[in-house]
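First up is the structure itself, then whatever we jot down about it.
The values are calculated or read from the model by the stated rules, or taken from the named source; none is laboratory data. For clarity, every value in this text was computed on a predicted model and none was experimentally measured. Ideal geometry is used to build each Cβ from the backbone, glycine not excepted, and the neighbour counts take in all protein chains shown.
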Amino acid sequence: MPKNSLFYPYEDPEQPKKTRRSEPINKRTARNGNVTYTFQVDVGTKPDGTRDRQRFTYRTLTEARREYRRITSEVAAGRYVKITDATVDEACEQWLNGRRGLRRNSMRTYHNDLKPARRQLGGLKLANLTKKDGDDLVTWMLSEGRRSRRNFRPNSLLSQVADLIAQHPEGITAQEIRAAFPGKPAHATTWALVKAGRATRLRRGVYAPAHPAETVGGVKPVTVRSTLTALSMVVQSYVDQGALPRNVISLVERPSDDLTDDDNELNTKSWNIAEINTFREFVADHRLAACWIMSTYGLRRSEVLGMRWTRFDDTSMQIRRARTTLGKETEENLPKSRRSKRDLPPPADLAAALRALKLRQQAECRELGIPWSDDRLIAVHEDGTPIPPDWYSLEFQRLRSRAGLRRIPLKGLRNTSVSLMLASGVPVHIVAAWHGHDPSISLSTYSAAQPEDLEAAAATLFDQGSDPAHRS
């Protein structure tokens, strides 16, 4: 059939064929030889009414084609979200401002966890953040992330006490410090100086200038993990919004705790049954014996210090409030979580100790002329002032030391309670309900196997608990 028939339209051989470019992607070669692929897309309208035309650049043609199709499809469907141009510091601030319903203490924890990331990466664009940036942050925190020694205002009492201690490298006693500043609470500043890295405590009541090596260096791996977790939450929130393609911080390897052969690191989370009974006997005559017994039954410090007499009777102990430390302040608020709000039947020994404490506090009020109210807190000093959370933790360590028991944190009493309940065969969901947390937390976080538990577990193998004569 001839070419000029109806089925074959005429084609002029003199005219070059026109090729239609399906996607407007341009190849660019930089002076250093790097090749990139770019395209421009109208993604919306600017506030002044003009079109918002953005340029996108990718390293490969395949990636550019894929992203061009995705972006244009989302623009056409009205689902396109611009890649954020916020810096890491701005993103952290926006994320923190959007965290609603959290306790102030939890917000403070997030602020502190994000400080190293904002300090080191704050000026970077969040969209330009790479895994290497996260790795560099980890390296910096482990090697030199500890804050440098704090300087105080000139001529302040803290500065004067710090200068006095600096003049005594062999050490100066608290009594000498008080004598040097008559009429001023100079001794009370020593703990602040130790925390700030300006002084060190040689022994009880004796202070010396801190060696520079004591205040320079890295932070612990657990601190790094907390920072990475918080930063990853920030980045992931932008990924979920579609303002970032992926969460590169989730790819950063979390540092693990250093393993050593130090036997003191073993079993430092909790006590065994003999140790906890020794502690309970030792504090039996303490004024706040009822509070220590509540702690041995696994109540959180905030729950013990937030308990009021109106929430207690012989049949029920209602956990409704918590007192926590927030910087230099102490605040009372709701318990830690929904599960923390619970009603517990007080054991007989705890109920008896609480009744005795109530009678004692009523007598103290009569002696001091202070009006009594059942709405007052249970954990108070003789004059009715609330027990500070930090004092309660320090008092526990003083009592533990005088009782000759190995060191565990106050939270270790809660770990002990969980571990002993589980070892006694109490179902895990009941253990969790008593302590006010999820059953998985009971097993993964608070439980700790004691040597006698391990011995009993091994004895169950190969029928070692029976008479050899009866073994088949």
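Some points to look at:
- Taking region 345-380 as the range and being out of contact with any Ser or Thr (no Cβ under 6 Å at 6 or more places or on another chain), in a loop (DSSP other than H, G, I, E, B) and surrounded by fewer than 14 Cβ atoms within 10 Å (Cβ to Cβ) as the test, the residues that pass are 345, 347, 369, 371, 373.
- Of all residues in region 149-164 being touching a helix residue (DSSP H, G or I) at 6+ places or on another chain (Cβ under 7 Å) and either charged (D, E, K, R) or in a loop (DSSP other than H, G, I, E, B) (or both), the one that is modelled with the lowest pLDDT: 149
- Restricting attention to region 29-76, the residues that are modelled with pLDDT of 90 or more, within 21 Å of residue 127 (Cα to Cα), in a strand (DSSP E or B) and among the polar types (S, T, N, Q) add up to 3.
- Taking the criterion of being in contact (Cβ under 8 Å) with a residue 40 or more places away in the chain and among the β-branched types (Val, Ile, Thr), the only residue of region 20-50 that qualifies is 25.
- Within region 125-140, residues that are among the β-branched types (Val, Ile, Thr) have Cβ atoms under 7 Å from residues that are assigned to a helix (DSSP H, G or I) in these pairs: 130/248; 138/224, counting only partners at least 6 apart in sequence or on another chain.
- Filtering region 185-243 to residues that are within 25 Å of residue 106 (Cα to Cα), of a type in the set (A, V, I, L, M) and at pLDDT 85 or above leaves 219, 222, 224, 228, 230, 231, 233, 234, 235, 239.
- Filtering region 77-88 for residues that are within 38 Å of the chain's Cα centre (by Cα), more than 23 Å from residue 123 (Cα to Cα) and surrounded by 14 or more Cβ atoms within 10 Å (Cβ to Cβ) leaves a non-empty set.
- Any hit, region 89-98, residues being out of contact with any Ser or Thr (no Cβ under 7 Å at 6 or more places or on another chain) and either exposed (fewer than 14 other Cβ atoms within 10 Å of the Cβ) or at pLDDT below 90 (or both): yes
- Flag if residue 391 is assigned by TED's automatic domain parsing to the domain that holds residue 300 and either polar (S, T, N, Q) or in contact with a Cys (Cβ under 9 Å, 6 or more places away or on another chain) (or both): no
- Restricting region 312-339 to residues that are within 16 Å of residue 298 (Cβ to Cβ) and of a type in the set (Lys, Arg), the residue that is surrounded by the fewest Cβ atoms within 10 Å (Cβ to Cβ): 339
- Qualifying positions in region 179-210 - farther than 17 Å from residue 156 by Cβ, not in a loop (DSSP other than H, G, I, E, B) and not β-branched (Val, Ile, Thr): 179, 201, 202, 203, 207, 208, 209
- Considering region 414-439, the residues that are closer than 14 Å to residue 276 by Cβ and under 20 Å from the mean Cα position of the chain (by Cα) include one that is surrounded by the fewest Cβ atoms within 10 Å (Cβ to Cβ), namely 415.
- Hits in region 19-28 (condition: surrounded by 10 or more Cβ atoms within 10 Å (Cβ to Cβ) and either under 42 Å from the mean Cα position of the chain (by Cα) or not in a strand (DSSP E or B) (or both)): 23, 24, 25
- The listed residues are 100, 119, and the only one of them that is under 25 Å from the mean Cα position of the chain (by Cα), without any contact (Cβ under 8 Å) to a residue 40 or more places away in the chain, assigned to a helix (DSSP H, G or I) and over 27 Å from residue 27 (Cβ atoms) turns out to be 119.
- Lone qualifier among 407, 402, 342 - being in contact with a Phe, Trp or Tyr (Cβ under 9 Å, 6 or more places away or on another chain) and surrounded by fewer than 15 Cβ atoms within 10 Å (Cβ to Cβ): 402
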